[in-house]
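Peer 1: Take a look at the following structure, please.
Bear in mind that the values in this text are calculations on the coordinates, not laboratory data. Quick caveat: nothing in here was measured; it's all calculated off a predicted structure. Note that each Cβ is placed from the backbone with ideal geometry, even for glycine, and that neighbours are counted across all protein chains shown.
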Amino acid sequence: MQILKSIKAFKHHYFKIRKIATKLAKKGSLKLKISISDNIIDEELFTPENYKTVQFVVLMRRFLDQKDNLYYKNVWGLLNEHFADVLPQETIKYFEKFDKQMIEGDIGININGESLTAEKIYQILADGEYFGNSRKAQVYLKYLKEIPIIGALFWYKFHTYTMDGFKLAQFLFDTIVQIKNSSKFKNLIADDSQYQKQCIYCLSISGKFTSEEHIFPESLGNDELILQKGFVCDECNNGILSCLDDFLLKFEPVAFLQVHFVPYKKNGQLPSANFQNLSIKRTTPKNIAIKTKDKSAFIIHNKYSKTGEIDFTISIKGKKFDAKMLGRALYKIALGMVAFDQGHEIACDSKFDSARNFIMKGQGFSNNILIKKEGTPHPKIRVAHNKLFDCTPFVIDIFGLFFLLNLELQPLLNFNKIITQEQFFLYSLEK
Ligand SMILES: [Zn+2]
């Protein structure tokens, strides 16, 4: 049911933005001030409140990035494809008119015969400066910025395009509300509510099943690996599973890498992390602020490469390492993946009962977990598992942190010729 999934994902993201947009609207509006004195042109752009403006622009990116499945034209395309007969003519006309206005923007800019639309300016600034490092966009921007006033005017357009995008998102949301009353939509929902109900963690069939479950926490940027309603009961979802997700998010290496790689957290805020000796937070999509609390956190080994990258070492002091809690958080992910790939029946099989007791109650699990000592950080979360006859091995990779585990008691995960002591830490999950 791709269309329902897309509508749900759109609404979920839209609500996050609406909350921030409401707060931002109370702080004032965007202003561009241009003054000329002694033949010197001075331009300045005022945004209502810096942090919230950044947050708003970051969240809006998903609706305005042509590569994103929540790109507003993709959402509109899907609504048209499935509900063309329900959409009133005036709604279609309104979208087309607004879309055209938004692309062109309110002030026409023409440089050397080339007309620069608001959409083009937004994409160039997004790719070359705000979000990305596209060399092509950067060269073009450098050329344009040599023209007076263009700098501030461009940023003004970047922000007004983003705000227009929000108005369009509001319109899409209103359109979805309209569609929801149609019998076509009601039939889709009715089909969708025919699902099997059994919690793969506590095995209950009588509990409430009103929510989906993110296999990896949503705050790690996961919006794809989701178990649909019927797989996890509300009590587990809001209770122990949420505690385990929280533990994983606060596990120091994960928390540190999250600030580097995740654009925003579940609550829509820019990622941040607080450790014993330092705190870090994302201030813009390409800027991270590190605040040290004592000298143990001072940055050492500063090295600048030819390409402008900086190599540094920083020591983070955290709480006492709890292998068992980390293990439970990862086993929760692993069992969720079994259900995602193989369905209810396999995930509820008795061969995973020991793993279930370990996840839910913290009962000792007679196996080990391996953590790779070194890794190359990257922005993805990945999981690979094998459906072997007598064991269920997993590799979980969170931003370059590698974990190896077996969801079953046998065989015991241990060092061998391939997995050596030099490369991995080994922790027992027994006690
Ligand atoms: Zn449950």
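Peer 1: Using Cα-only point scatterers and the Debye equation, what is log10 of I(q)/I(0) for the stretch 162-244 at each q in 0.17, 0.18, 0.20, 0.21 Å⁻¹, rounded to two decimals?
Peer 2: Rounded to two decimals, the profile gives -0.87, -0.91, -0.97, -0.98.
Peer 1: Continuing with this model, one more query. Give me the net charge for the shell around N237: Cβ to Cβ below 14 angstrom, other residues only, Lys and Arg +1, Asp and Glu -1.
Peer 2: Cβ neighbours under 14 Å give a net charge of -2.
Peer 1: Express in % the proportion of alpha carbon pairs of the stretch 101-207 at distances exceeding 16 Å.
Peer 2: I get 70 percent for the Cα pairs in the stretch 101-207 exceeding 16 Å.
Peer 1: How large is the direction-averaged shadow of the alpha-carbon convex hull of the stretch 146-208, in nm²?
Peer 2: 9.0 nm²
Peer 1: For the stretch 2-188, give the share of DSSP beta bridges that are antiparallel, in percent and rounded to the nearest 5; count only bridges with both residues there.
Peer 2: Roughly 100 percent of the beta bridges in the stretch 2-188 run antiparallel, per DSSP.
Peer 1: Across the stretch 107-185, how many lysine pairs, 8 or more apart or on two chains, come within less than 19 Å at their alpha-carbon atoms?
Peer 2: So the count works out to 9.
Peer 1: Wrap a convex hull around the Cα atoms of the stretch 289-410, take a quarter of its surface area, and give that in square nanometres.
Peer 2: Averaging across all directions leaves 10.4 nm² for the Cα convex hull.
Peer 1: Convex hull volume of the Cα atoms in the chain, per residue, in Å³?
Peer 2: 195 Å³
Peer 1: Within the stretch 188-292, how many lysine pairs that are 8 or more places apart, or on different chains, have C-alpha atoms less than 28 Å apart?
Peer 2: Final tally of qualifying lysine pairs is 21.
Peer 1: By average Cβ neighbour count within 10 Å, what is the ranking of 163-172, 25-34 from highest down?
Peer 2: 163-172, 25-34
Peer 1: Over all directions, average the projected area of the Cα convex hull of the stretch 233-331 and note it in nm².
Peer 2: 8.1 nm²
Peer 1: Please report the Cα spread of the stretch 36-160 along all three principal axes, rounded to whole Å, starting with the longest.
Peer 2: 61, 31, 27
Peer 1: Over the chain, what relative contact order in percent results from Cα pairs under 8 Å that are six or more residues apart?
Peer 2: Dividing the mean separation by the residue count of the chain yields 11 percent.
Peer 1: Okay, helix-only estimate at 222 nm for the chain: each DSSP H run of n ≥ 4 adds -39500 (n - 2.57), divide by all residues, round to 500 deg cm²/dmol; what do you get?
Peer 2: Taking each H run of at least 4 residues, the total per residue is -14000 deg cm²/dmol.
Peer 1: Can you tell me, using C-alpha contacts under 8 Å and at least 6 residues apart, the relative contact order of the stretch 131-281 as a whole percent?
Peer 2: Computed over the stretch 131-281, the figure is 14 percent.
Peer 1: Then there's this: Using packing as a proxy for protection, rank 100-110, 417-427, 63-73, 365-375 so that the peptide with the highest average count of other Cβ atoms within 10 Å comes first.
Peer 2: 365-375, 63-73, 100-110, 417-427
Peer 1: For the stretch 338-431, what relative contact order do you get, as a whole percent, if you take Cα pairs closer than 8 Å and at least 6 residues apart?
Peer 2: After rounding, I find 33 percent.
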